[in-house]
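Worksheet: the structure to be examined is printed underneath.
The values are calculated or read from the model by the stated rules, or taken from the named source; none is laboratory data. On a predicted model such as this, the values are computed, not experimentally measured, just so you know. Accessible surface is based on the protein model in full, side chains and every heavy atom, while ligands, DNA and RNA are left aside. Shrake-Rupley method; radii C 1.70, N 1.55, O 1.52, S 1.80 Å.
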Amino acid sequence: VERGAVQCGFCTPGLIVAAHDLIERTPQPSDAQIREALAGNLCRCTGYEKILDAVRLAAQRKAGVS
């Protein structure tokens, strides 16, 4: 929500599960790793950049980086 990644909510559950799994396996994922992990989730509301920003933020916060 903080990064504007949530729009209609249709894709949100899949994106959250995929992002959580990625961050558990790879605490500081690269942009390429994030894109690969989220590749199967389609979002019709955003241009994906806000979603990528949100995953980056979640990874930073889980790692304790501000």
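A few notes on this one:
- What the Cα atoms of the chain give is an Rg and a Dmax of 10.9, 32 Å.
- In degrees, nearest ten, helix 12-25 long axis to first principal axis of the chain (Cα): 20 degrees
- Length gained when the stretch C8-A39 is fully extended (0.36 nm per residue, less Cα-Cα span): 9.3 nm
- Mean ellipticity per residue at 222 nm, deg cm²/dmol - from DSSP H runs of n ≥ 4 across the chain, formula -39500 (n - 2.57): -17500 deg cm²/dmol
- Stretchable slack from D21 to K62, in nm (0.36 nm times residue separation minus alpha-carbon distance): 13.5 nm
- Relative contact order computed over the chain (Cα-Cα under 8 Å; 6+ residues apart), in percent: 48 percent
- Surface composition of the chain: carbon plus sulfur atoms contribute 55% of the solvent-accessible area (1.4 Å probe, protein chains only, all chains present).
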